C-alpha cells in the first residue's frame, strides 16, 4: 500500500541533499514522520497546508517500511501511518508537485 508525505520544497531539498531526514518540524517535535493514506492525504493537505504553494507529494511503500511504521489513531480515531526512524530518499518511490489552484491543492488522479 502506498502512503504519502507532503513536503515543502526546502524539506525535499534537504532530503535529496542528505539522503535522509527526520522530517518536517512537526515530525521532529512529535518524534516520528507523519504519513497519510490515499484516503487521508487530501484532508491532511487542507488541514495543515492550506494556501501553501511549492509543496511536493511523496509516495512510499508501507510494506517496505513495515517494521518501522506504527499505525496510530489520530483525526476521529482513524489510523495513520507513523514512521519511527528517519525517512530515507530510497524510501520514496516517486514525488510530484502539489500545486495550489482555485482554493485547493491539485492531487494526482492516480492515488492508490
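Readers should treat all values here as calculations from the given coordinates under stated rules, not as data from a laboratory. What you are looking at is a predicted structure, and each value in this text was computed from that prediction instead of being measured. Neighbour counts run over all protein chains shown; Cβ positions are idealised from the backbone, glycine included.
Scanning region 15-43 for residues that are over 17 Å from residue 81 (Cβ atoms) and buried (at least 16 other Cβ atoms within 10 Å of the Cβ) yields one hit, 15.
Within the group 5, 47, which residue is within 26 Å of residue 77 (Cα to Cα), surrounded by fewer than 18 Cβ atoms within 10 Å (Cβ to Cβ) and out of contact with any helix residue (DSSP H, G or I) (no Cβ under 7 Å at 6 or more places or on another chain)?
It is 47.
Against the condition free of Cβ contacts under 8 Å to residues at least 40 places away in the same chain and within 14 Å of the chain's Cα centre (by Cα), how does residue 68 come out, does it pass? Answer is no for this residue.
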